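First the structure, in the form of structure tokens, and then the observations on it.
The values are calculated or read from the model by the stated rules, or taken from the named source; none is laboratory data. Just so we're clear, the structure is a prediction, and the values are computed from it rather than from any experiment. Every residue, glycine among them, receives a Cβ derived from its backbone with ideal geometry; neighbour counts consider all protein chains shown.
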Amino acid sequence: MTKYSVAVDIGASSGRLILGYLENGLLKLNEIHRFENNIVKKGDSYSWDAEKLFQEIKNGLKKCNELGIKPNSIGIDTWAVDFVLLDENDQPLTEAVSYRDPRTDGMMEQVFEKIMKERLYLETGIQFQKFNTIYQLYSIKQNSPEILDKAKSFLMIPDYFNYLLTGKKANEYTNATSTQLVNAFTKKWDHDLLDVLGINQEMFQEIKTPKTVLGSLKEELVSELGFDLQVILPATHDTGSAVIAVPEENETIYISSGTWSLIGVENYFPICVTKALDYNFTNEGGINYQYRFLKNIMGLWMIQEVKRNYNNEYSFAELVDMAREAKDFKAIVNVNDDRFLKPENMVQEIMNYCVETSQSIPGTPGEVAKCVYDSLAVSYQDAVKEIEEIFEKRFEKINVIGGGCQNEMLNQLVADVTKKEVYAGPVEATAIGNIVAQLMALDEIQDIKEARTIIKKSFEVKKYLPTAPITN
């Protein structure tokens, strides 16, 4: 009898429920529900509408019933670092504040006054980004300490939805590591760091790994939906799920390409050396306690904002076509500059950067898009060089996964600047990784090796070879 698993994959701009199952040795996917997700202003904070998102999860499950399918399991993944704090009555004390909220401005530097930067990296192995959970919590500690005093439960966004589904609380491993509060070696909450920062340690839950069966739905949800299912933890950090779906295991660098670009390799131990710190690489948790040694690059967020700044007059495909037409335009921006994190106007910020660095100033949508794509490719090239320097070896392949792998222009640029073979696909990497983790928990797939063999057979992967190098 076919076992069906539902992947709930929620990103920064949209979410969807995708039904997955095995048929004749191939993994089949069927999107059953899609919905928008946006940062909204709630009070003084830029937050996620957690109540709306949970309602959309239920709406998607109801569609399963309409299709006559009763899934066996569900797994939820989202972005990292953000969380909800619950009081003694399990009511939220805060909104689900977004990592793009400015509340963390200056907090990283204040934390460094209490904990040496080098010590923090040596213990957690996590790259320094001003929006990491540690700095969000420290901001609450500094500005609203009464909230932390009342907090009885710390749940990251997928943890919170899992709690609403089952009534059970747990912190999933891959997402927990993104907080910069989990010890990279013990894989547990780092109580010494929490103690130094004066953050309530009792609110953190037991860390559970991907493939853990959390439990069944609450009775009232079974009545509402018309069926029960198992809630299974995938890698709840969306990049953690996406990396599971990398078809090539050996000698490949991956780029998980979406709102963010995550570039790195899988490793069996954390690399917390000085050079990794200097280059700002992270050691985030992966399936089977593997480590995702990677770094965050701003990603397609920039082109999403460019599209919005032009009043959505052009599609992403049209922006690519216009970028191709602007082939003679040359300008490179540092995509990781904080100015691009949440600017008032991305197009203007790109132009300002070019003015300040005495480069050609993009004057058309095509030139702006060309600047973004070239800049992303150069940032990938730099990261590849750093990875190869740290590992003291050359990697021959790059596997681009996720929605961004559909951008053929960017794929070719990456092949050209890195002089490597680029493999693009699968597109639905995050949902695929989410589903295969569930199917492993259900004993439908034996292990990660079999999962990747199935993925390789089931989904198209395009190959790009380097041509003439791009000069800037």
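Figures for the structure shown
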quantity: Index of the failed condition, VAL347 passing every other in (1) over 30 Å from VAL40 (Cα atoms); (2) β-branched (Val, Ile, Thr); (3) in contact with an Asp or Glu (Cβ under 9 Å, 6 or more places away or on another chain); (4) assigned to a helix (DSSP H, G or I); calculated: (1)
quantity: The stretch 97-119 - residue that is in contact with a helix residue (DSSP H, G or I) (Cβ under 6 Å, 6 or more places away or on another chain) and assigned to a helix (DSSP H, G or I) and, of those, farthest from CYS272 (Cα to Cα); calculated: ARG103
quantity: Lone unmet requirement of (1) under 20 Å from ALA235 (Cα atoms); (2) out of contact with any Ser or Thr (no Cβ under 9 Å at 6 or more places or on another chain) for GLN55; calculated: (1)
quantity: Filter pass, ASN143 being within 19 Å of SER98 (Cβ to Cβ), more than 21 Å from the chain's Cα centre (by Cα) and not β-branched (Val, Ile, Thr); calculated: yes
quantity: Qualifying residue in the stretch 263-273 (condition: under 30 Å from PRO71 (Cβ atoms) and out of contact with any Lys or Arg (no Cβ under 9 Å at 6 or more places or on another chain)); calculated: no
quantity: Residue within the stretch 120-137 that is farther than 24 Å from LEU294 by Cα, in the same structural domain as SER45 (by TED's automatic domain parsing) and either assigned to a loop (DSSP other than H, G, I, E, B) or out of contact with any Asp or Glu (no Cβ under 8 Å at 6 or more places or on another chain) (or both) present; calculated: no
quantity: Cross-chain or 6+ apart pairs with Cβ under 6 Å, the stretch 387-403 first and under 25 Å from ILE432 (Cα atoms), then of a type in the set (Lys, Arg); calculated: ILE398/LYS420
quantity: Residues of the stretch 423-472 that turn out to be surrounded by 13 or more Cβ atoms within 10 Å (Cβ to Cβ), closer than 28 Å to LEU214 by Cβ and charged (D, E, K, R), as a count; calculated: 4
quantity: Condition broken by GLN304, with the remaining ones in (1) within 14 Å of GLN127 (Cβ to Cβ); (2) surrounded by fewer than 23 Cβ atoms within 10 Å (Cβ to Cβ); (3) out of contact with any Leu (no Cβ under 9 Å at 6 or more places or on another chain); (4) not acidic (Asp, Glu) satisfied; calculated: (1)
quantity: Residue match in the stretch 237-248 (condition: without any contact (Cβ under 8 Å) to a residue 24 or more places away in the chain and over 18 Å from the mean Cα position of the chain (by Cα)); calculated: no
quantity: Filter result (buried (at least 17 other Cβ atoms within 10 Å of the Cβ) and more than 22 Å from the chain's Cα centre (by Cα)) within the stretch 59-68; calculated: LEU61, CYS64
quantity: The one condition in (1) crowded, with 19+ Cβ neighbours inside 10 Å; (2) at pLDDT 95 or above that GLU386 fails to fulfil; calculated: (1)
quantity: Selected residue (criterion: surrounded by the fewest Cβ atoms within 10 Å (Cβ to Cβ)) from residues of the stretch 332-364 that are under 24 Å from the mean Cα position of the chain (by Cα) and among the charged types (D, E, K, R); calculated: GLU344
quantity: Enumeration of residues in the stretch 380-408 that are of a type in the set (Val, Ile, Thr) and either outside any helix (DSSP H, G or I) or under 18 Å from GLN304 (Cβ atoms) (or both); calculated: ILE398, VAL400, ILE401
quantity: Meets criteria (within 20 Å of the chain's Cα centre (by Cα) and under 29 Å from PRO270 (Cα atoms)) for GLN136; calculated: yes
quantity: Filter result for the condition that a residue is of a type outside the set (D, E, K, R), surrounded by fewer than 22 Cβ atoms within 10 Å (Cβ to Cβ), under 29 Å from PRO270 (Cα atoms) and not assigned by TED's automatic domain parsing to the domain that holds LYS188, over PHE395, PHE329; calculated: PHE395
quantity: ARG452 vs. criteria touching an Asp or Glu at 6+ places or on another chain (Cβ under 8 Å) and either of a type in the set (Phe, Trp, Tyr) or under 30 Å from ASP374 (Cβ atoms) (or both); calculated: no
quantity: Pairs with Cβ under 6 Å, 6+ apart, first in the stretch 321-337 and within 30 Å of TYR279 (Cβ to Cβ) and touching a residue at least 12 places away in the same chain (Cβ under 8 Å), second small (Gly, Ala, Ser) and surrounded by fewer than 18 Cβ atoms within 10 Å (Cβ to Cβ); calculated: ALA331/SER360
quantity: Breaking point among (1) touching a Pro at 6+ places or on another chain (Cβ under 6 Å); (2) buried (at least 22 other Cβ atoms within 10 Å of the Cβ), for GLU172; calculated: (1)
